[in-house]
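Q: I have a structure I would like to understand better, so I am pasting it below and will then ask my questions one at a time.
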Amino acid sequence: MSGTLRELLIGTWQLQSYTETAVGESQASYPLGDDAQGTILYASDGYMAAQLMRQGRKAFSGGDLYQASAEEFRDAASAYLSYSGPYHVDEQRGLLSHCVELSLFPNWIGQVQQRVARLDGDTLHLSTYKPMLARGREVIAHLRWKRATVPTGYA
């Protein structure tokens with residue numbers, strides 16, 4: 001495949017792995033489990049959206065989206081990560097800037113989340129450009145994505 005990073009990013013990617021490594025350490029952890037699921041989309045109009053979750057999240061006890069217990073809301077949110085907004089590509093540095101407009105984590109709204117991007121065929125590697133705070137420590141996150149294929153019966 002040839003083209004600019006921006007051109008090659010366009011499309012849907014499925015999460016293969018999500019790890020975090022604390023600054024100064026070498027042991028990686030899996031914040032959403034070693035079998036986390038996720039999708040990240042880069043649209044040609046300059047918008048992106050990311051959704052990641054831990055597998056096996058418990059269903060709420062009732063069928064009402066807004067009538068769960070505080071514990072159910074906490075457990076669901078602590079096992080899910082989502083955000084979206086415009087994105088920009090710095091081709092020279094291989095840097096993506098995700099300009100967060102919507103996010104499950106409200107502190108990210110209005111921020112720019114920068115990611116170092118590397119493409120290897122149909123595999124996209126994204127890492128945080130700077131350490132981020134996670135569970136009380138500074139970490140570098142690394143996410144490996146595989147280009148999604150069109151699901152059978154949906155084309």
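Q: Need one number: nm distance between label points at L102 and E7, each 7 Å from Cα along Cα→Cβ, rounded to one decimal.
A: 3.0
Q: Starting from the Kirkwood Rh over alpha-carbon pairs, what translational D in µm² s⁻¹ does the chain have by Stokes-Einstein at 20 °C and 1.002 mPa s?
A: Working: Rh = 16.8 Å.
Estimated diffusion coefficient is 128 µm²/s.
Q: Report the extension gain between L133 and A43 in nm, rounded to one decimal, defined as 0.36 nm multiplied by the number of residues separating them, less their alpha carbon distance.
A: Values: separation 90, 0.36 × 90 = 32.40 nm, distance 2.82 nm.
So the extension gain works out to 29.6 nm.
Q: Grab the other residues whose beta carbon is less than 14 angstrom from that of L124, score K and R as +1, D and E as -1, and report the net.
A: +3
Q: Counting only residues 5 or more places away or on other chains, whose amide H sits under 5 Å from the amide H of Q111 once H atoms are built in the peptide plane?
A: V100
Q: Provide the gained length on full extension for the span E91 to A70, in nm with one decimal, where the gain is 0.36 nm per separating residue minus the Cα-Cα distance. Walk me through the numbers before you get to the answer.
A: On the way: separation 21, 0.36 × 21 = 7.56 nm, distance 4.39 nm.
Result: 3.2 nm gained on full extension.
Q: Comparing D34, D64, D75, which has the greatest mean-square fluctuation in the GNM of the chain with Cα pairs linked when under 10 Å apart?
A: Evaluated over the chain, the most mobile residue of the options is D64.
Q: Select from W108, W13, W145 the residue whose mean-square fluctuation is largest in a Gaussian network model of the chain (Cα-Cα springs shorter than 10 Å).
A: W108
Q: With an 8 Å cut-off on Cα pairs and a minimum separation of 6 or more residues, tell me the relative contact order of segment 1-104 in percent.
A: Working: 165 pairs, mean separation 23.1, N = 104.
Here the relative contact order equals 22 percent.
Values in this text are rule-based calculations from the coordinates and carry no lab data. None of these values were measured; they are calculated from a predicted model. FYI the Cβ positions are ideal-geometry reconstructions off the backbone, even for glycines, and counts take in every protein chain you see.
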